[in-house]
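The values are calculated or read from the model by the stated rules, or taken from the named source; none is laboratory data. Keep in mind that this is a model prediction, so the values were computed, not measured. Quick reminder, even Gly has a Cβ in these numbers, built from the backbone with ideal geometry, and neighbours come from all protein chains shown. SASA here: full protein model, heavy atoms, side chains in, ligands and nucleic acids out. Shrake-Rupley method; radii C 1.70, N 1.55, O 1.52, S 1.80 Å.
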Amino acid sequence: PFGKGKAFGSDWNGALNAIAGGWEVDAIERAISGFPLFVVDSRSINGVNDSGVSFQWNGSSLNQPDEVGDPNKGGPVAGNPGCAAPSRVHTLANWFNPCAFELPTPGELGNAPRAPVTGPRFINTDLSFVKHFALPYEGMRVDFRAEFFNIFNHPHFYLPGSSGVSNMQDIAAPSTFGVVSSTLNDPRLIQFALKLVF
């Protein structure tokens, strides 16, 4: 709204208008919740799930664990007293409390839902500044653009899970269970451009 012929600055002189007028600012804000995380039990003996309950889950013979506590709360879990629980969750080392899950009773299907936890949420801001330079020819101008993708450089954390079970959260793979070890989004990217409009 600033510059000659605009709501503000319509009486500016040529020099002031060239500096402060003709700007355009554009923003795209994207906020998404975390991806659902599938929690499974892949223990097997000779290719058969050793809980005695074997079913096909995304092409693999898996079982579900039992959910015995709130995975979104840190600290000891009463339903799994022997487990060394993290004091805090939603950290890179423990995105959820792994002690909230335990191996199912042999011969029974675990009671945990298919996707009982979600990964980290993500907020991304893309911002662009455009300066319009009018040319002495009718209907022509030059635009200078400065564009910033992920301007605040927010990482989008990701839990890749166990590679042995299609990147799901596998209670039988404690080294990757609940661990954030990857990112999905590009870092901050900046580009500049000139455009002739005629």
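Fully extending the segment from A193 to L16 would add 61.4 nm, taking 0.36 nm per residue of separation and subtracting the current Cα-Cα distance. With a simple spin-label model that places each label point 7 Å from the Cα along the Cα-to-Cβ direction, the separation between E29 and F8 comes to 1.9 nm. Listed by chain and number, the lysines whose alpha-carbon sits under 19 Å from that of K195, ignoring those within fewer than 8 places in the same chain, are K131. Considering only Cα atoms, the convex hull volume of the chain works out to 170 Å³ per residue.
For the chain, the relative contact order works out to 22 percent when only alpha carbon pairs closer than 8 Å and six or more residues apart are counted.
Across N94, N13, N72, mean-square fluctuation computed from a Gaussian network of the chain (C-alpha pairs under 10 Å connected) peaks at N13. Radius of gyration (Cα atoms) of the stretch 83-135, expressed as a multiple of 2.2 N^0.38 Å: 2.26. Atom-type composition of the exposed protein surface of the chain places 58 percent of the accessible area on carbon and sulfur (1.4 angstrom probe). Residue-normalised convex hull volume from the C-alpha trace of the stretch 111-198: 133 Å³ per residue. Express the accessible area of the chain per residue in Å², computed with a 1.4 Å probe while the remaining protein chains stay in the model. Counting only protein heavy atoms, the per-residue value for the chain is 58 Å². When both the stretch 74-115 and the stretch 158-198 are represented by their alpha-carbon centers, they are found 24 Å apart. Modelled label positions at Y137 and E108, each set 7 Å beyond Cα in the direction of Cβ, lie 8.1 nm from each other.
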